[in-house]
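As structure tokens, the structure follows; a few thoughts come after it.
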Amino acid sequence: MTLPPAIIATGLSRSFGSIHAVNKLDLAIDRGELYGLVGPDGAGKTTTMRLLTGILEPTSGEAWVAGFPVRTEAERIKEKIGYMSQRFGLYEDLTVMENILFYADIYEVARSVRKARIERLLGFSNLTPFVDRLAGKLSGGMKQKLGLACALVHTPEILFLDEPTNGVDPVSRRDFWRILYDLLREGVTIVLSTSYLDEAERCTRIGLMHKGTIIIEDRPKNVRSSLAMPMMEVWTDKVRTAGEIVRTVEGVSSVSVYGDRLHIGLKHKGAASAVLVMLEREGIAVQDYREILPSLEDVFITMVEK
Amino acid sequence: MKLIRIQAIAKKEMLQIVRDPLSLAMGFMMPVLLLFIFGYAISLDVDDITTIVYDQDRSSMGRQLVADLSASGYFKVVRYAEQEAEIGQYLDAGMARVGLTIPVDFSRDLRAGRVTQLPIVVDGSDSNTATIALGYFAALTELYGRRISPVPEKALIEVRARVWYNPELKSRNFIVPGLIAVIMMVIAALLTSLCIAREWERGTMEQLIATPVKTPELILGKMIPYYVIGMVDMALSIAMATLLFEVPFRGSLLLLTVISTVFLFGGLSFGIIISIITKSQIVSSQISVVATYLPAFLLSGFMFSISNMTRPLQIITHIIPARYFVSILKGLFLKGSAIRILYADALFLLAFGIVTFAVANIKFKKRLG
């Protein structure tokens with residue numbers, strides 16, 4: 001049996017008044033992908049998630065999730081998917097176990113498989129010691145893991161996670177990603193949104209969202225190399241002054257500061273020596289420099305500025 | 001519809017209610033408190049009318065008249081005035097509502113068989129009490145007059161009145177059953193007015209509408225715990241009415257339970273509609289109180305007789321569910337009415353319940369925005 005593609009969207013749009021939150025979005029996500037919707041706040045990531053999960057009606061266009069159209073068969077979609085909203089959506093006045101059991105009932109998880117499955121979910125989310133704790137008393141990271149456990153209690157085919165690691169400490173974030181990779185191995189399709197570009201790097205495929213549509217979409221590595229622009233990284237003591245100076249150099253197209261280094265986009269490779277000459281002339285000590293592949297952030301900034 | 005989902009919602013809602021002691025206490029205390037306050041505050045009975053007596057005669061006959069008035073229980077003498085001006089002072093200050101003057105020649109006139117005059121002033125600022133006080137006074141003095149009159153008059157027509165259902169004509173007996181209906185209408189809507197709005201405000205609704213739960217499952221599940229609270233409130237109210245206010249309950253408790261269930265179904269659905277539309281707990285609770293309390297209080301016939309209203313208002317009362325519940329409760333309490341008397345009112349409550357439940361289901365959308 002071949003399953004229909006996980007997600008297809010054609011011209012999917014949603015406006016709020018005069019604001020086009022999602023604007024003619026086209027999307028095709030295969031089974032088994034870990035797809036990342038990447039972009040800054042207000043790019044339309046959450047609205048896209050809500051449209052695909054069938055809880056928000058599109059203004060125009062159509063999308064099919066697990067083979068069902070979102071406009072007319074949203075309820076069928078909801079049986080096949082798991083969803084974790086951006087804002088913590090579980091009951092803070094219920095315990096961890098009560099929340100999980102509630103969703104198990106809502107999704108009609110059979111009694112025969114329920115116990116083993118819940119034990120497994122609690123196990124891999126490390127929530128077992130906290131089953132009797134009220135959800136409101138959990139830390140941010142544990143809340144997100146509980147949200148994930150509730151979204152997984154019916155073993156969905158497709159999992160939608162809206163900024164799941166927002167406000168989560170680095171250790172819990174690593175745990176969270178470990179769980180996602182486990183799920184991916186089991187064949188679950190995962191769609192997540194994030195504004196963290198280091199997380200985007202971990203997806204099998206990403207779509208960069210800007211102003212309600214996807215401006216570039218590919219595997220993270222390909223997205224980075226798609227920017228046919230040589231870049232150099234320069235370490236120096238006085239990054240700010242150096243940045244000002246470099247900006248004036250002929251052949252430099254973009255400059256951004258990353259802590260103690262500069263990322264400099266070049267119009268052609270030859271401009272690199274011009275940059276170094278200029279810095280030396282201005283008396284800025286360059287500790288090190290190298291040619292680099294643009295980071296996703298570089299790509300993103302360049303794409304948005306176009 | 002799946003029973004397991006209805007159960008899950010009901011159980012979850014129950015846990016949340018139990019863990020919020022304040023709202024739980026409100027759910028049980030509100031009806032008791034309201035019934036207590038209104039039950040005592042609203043009384044159309046007039047007794048212990050404060051009276052000041054200026055006895056100029058100072059005779060045994062005058063004292064006998066005053067003793068008769070006091071013994072009736074309707075009048076309570078608060079002061080024997082030394083001079084006439086005191087009557088004005090007492091009435092002005094509100095310390096007395098009736099001022100009686102027994103003239104100097106009161107006993108002499110009576111002994112001589114002459115008609116005597118008895119000046120009485122009444123505080124008319126509360127016209128209801130004043131009218132009743134005058135009526136009582138006329139009746140009591142007439143009785144007194146007949147007793148001391150040497151030649152008893154013979155009445156040709158004697159009225160032998162019997163009052164059914166409420167032989168002592170206690171206003172509390174018809175106010176309390178109606179009051180329960182009014183209070184329950186408000187409580188029912190108030191109880192559920194928060195339950196949908198709360199989920200929108202807390203962000204839990206977005207998660208819930210992304211599941212395959214069906215609207216009627218959600219609404220029914222949410223109503224069940226509040227139905228239980230509503231029935232407990234009902235039982236508390238009945239207990240207070242019969243034990244504290246000593247209103248007789250002559251009907252069938254089973255019938256009361258059935259009809260209360262039908263009534264609560266409509267009242268709870270009504271609160272849910274408001275909760276669905278407003279999506280805000282504060283707005284929702286305020287609207288539900290105003291939207292139920294005013295019509296139930298003014299147009300249900302609980303205090304103000306529907307037959308005395310103007311025609312347009314009378315027509316409006318037909319769509320006030322409390323009207324039917326007031327009528328049913330009065331029937332059950334005082335007349336011990338059976339279902340064959342009450343079925344028409346009960347059918348309306350059922351229709352109200354079905355319509356509001358249907359509207360709640362139509363109004364609720366498993367979509368954002």
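The values are calculated or read from the model by the stated rules, or taken from the named source; none is laboratory data. This one's a predicted model, so the numbers in the text were calculated from it and none came from an experiment. As a convention, Cβ positions derive from the backbone with ideal geometry for all residues, glycine included, and neighbour counts pool all protein chains shown. For accessibility, only protein heavy atoms count, side chains too; no ligands or nucleic acids. Shrake-Rupley method; radii C 1.70, N 1.55, O 1.52, S 1.80 Å.
Remark on A:Ser253: its backbone amide H falls under 5 Å from those of A:Gly265, A:Leu266, A:Lys267, a criterion applied only to residues 5 or more positions apart or on other chains, H modelled at 1.01 Å from N. Lysines near B:Lys76 by alpha-carbon distance under 18 Å, same-chain residues fewer than 8 away left out - which ones? B:Lys76 reaches no qualifying lysines.
Would you tell me the mean number of C-beta atoms belonging to other protein chains that fall within 10 Å of each C-beta in A:102-111, as a whole number?
Working: counts 8, 6, 2, 10, 14, 6, 5, 1, 0, 1.
That works out to 5 on average.
Report the residue, chosen from B:Ser252, B:Ser288, B:Ser72, that carries the largest GNM mean-square fluctuation when chain B is represented by alpha-carbon nodes joined by springs under 10 Å. Highest fluctuation among the options: B:Ser72.
Across the range A:285-299, coupling constants 3J(HN,Hα) worked out from phi with the 6.51/-1.76/1.60 Karplus curve, θ = phi - 60°, read 6, 9, 6, 6, 8, 7, 7, 10, 7, x, 7, 4, 5, 4, 4 Hz, and Gly and Pro carry x. Across the options B:Ser127, B:Trp200, B:Ile52, the greatest Cα extent toward the positive end of the charge dipole of chain B (unit charges at beta carbon of Lys, Arg, Asp, Glu) belongs to B:Trp200.
Whole-Hz Karplus values for the range A:230-244 come out as x, 10, 10, 10, 10, 8, 7, 6, 9, 4, 5, 4, 4, x, 4 Hz, taken residue by residue from phi with 6.51 cos²θ - 1.76 cosθ + 1.60 and θ = phi - 60°; glycine and proline positions read x.
Which of the trypsin sites (Lys or Arg not before Pro) found in the range B:336-369 are in a DSSP loop and have at most 13 neighbouring Cβ atoms, other than their own, within 10 Å? Don't jump to the answer; show the numbers that get you there.
Working: sites: B:Arg340, B:Lys363, B:Lys365, B:Lys366, B:Arg367; in loops: B:Lys365, B:Lys366, B:Arg367.
Counting only loop positions with at most 13 other Cβ atoms within 10 Å, the trypsin sites (Lys or Arg not before Pro) in the range B:336-369 are B:Lys365, B:Arg367.
Under a straight-distance cross-link criterion of Cα-Cα below 19 Å, which lysines are reachable from A:Lys143, leaving out those fewer than 8 residues away in the same chain? Partners found: B:Lys12.
In the neighborhood of A:Arg261, defined by Cβ-to-Cβ distances under 14 Å, what is the net charge if each Lys or Arg adds +1 and each Asp or Glu adds -1? Walk me through the numbers on the way to the answer.
Values: positive: A:Lys238, A:Arg240, A:Arg290; negative: A:Glu233, A:Asp237, A:Asp260, A:Asp288, A:Glu291, A:Glu297, A:Asp298.
Value of the local net charge: -4.
Under a Cβ-only charge scheme (Lys and Arg +1, Asp and Glu -1), can you give me the dipole magnitude of the protein assembly as shown about the Cα centre, in debye to the nearest 20? Computed about the Cα centre, the dipole is about 1720 debye.
With every protein chain in place and a 1.4 angstrom probe, the accessible-area ranking of A:His263, A:His268, A:His210, largest first, reads A:His268, A:His210, A:His263.
Counting only aspartates and glutamates at least 8 places from A:Lys80 when in the same chain, those with an alpha carbon closer than 13 Å to its own are A:Glu108, A:Glu157.
Pairs over the 30 Å Cα-Cα cut-off, from the set A:Lys137/A:Lys221; B:Lys330/B:Lys363; A:Lys211/A:Lys269; A:Lys24/A:Lys221; A:Lys211/B:Lys2: A:Lys137/A:Lys221; B:Lys330/B:Lys363; A:Lys211/A:Lys269; A:Lys211/B:Lys2. Note on B:15-27: average number of Cβ atoms from other chains within 10 Å of each residue's Cβ is 1.
Evaluated at 10 °C with a viscosity of 1.306 mPa s, what Stokes-Einstein diffusion coefficient in µm²/s does the range A:7-224 have when Rh comes from the Kirkwood expression over alpha-carbon pairs?
On the way: Rh = 17.6 Å.
Estimated diffusion coefficient is 90 µm²/s.
Computed over the range A:142-213, the alpha-carbon pair-distance distribution with 10 angstrom bins reads 17, 56, 25, 2, each value a whole percent.
Dipole size of the range A:229-305 about its Cα centre, with +1 on Lys/Arg Cβ and -1 on Asp/Glu Cβ: approximately 140 debye, rounded to the nearest 20. The accessible-area ordering, largest first, of the residues B:Met240, B:Met26 stands as B:Met26, B:Met240, per a 1.4 angstrom probe.
Which whole number in µm²/s is D for chain B by Stokes-Einstein, with the Kirkwood Rh taken over Cα pairs at 37 °C and 0.692 mPa s? After rounding, the answer is 135 µm²/s. Starting from the range A:175-224, pick out the GluC sites (Glu not before Pro) whose DSSP state is loop and whose Cβ has at most 10 other Cβ atoms within 10 Å. Of the GluC sites (Glu not before Pro), the ones in loops of the range A:175-224 whose Cβ has at most 10 other Cβ atoms within 10 Å are A:Glu186. For the range B:234-318, the convex hull drawn through the C-alpha positions has a volume of 137 cubic angstrom per residue.
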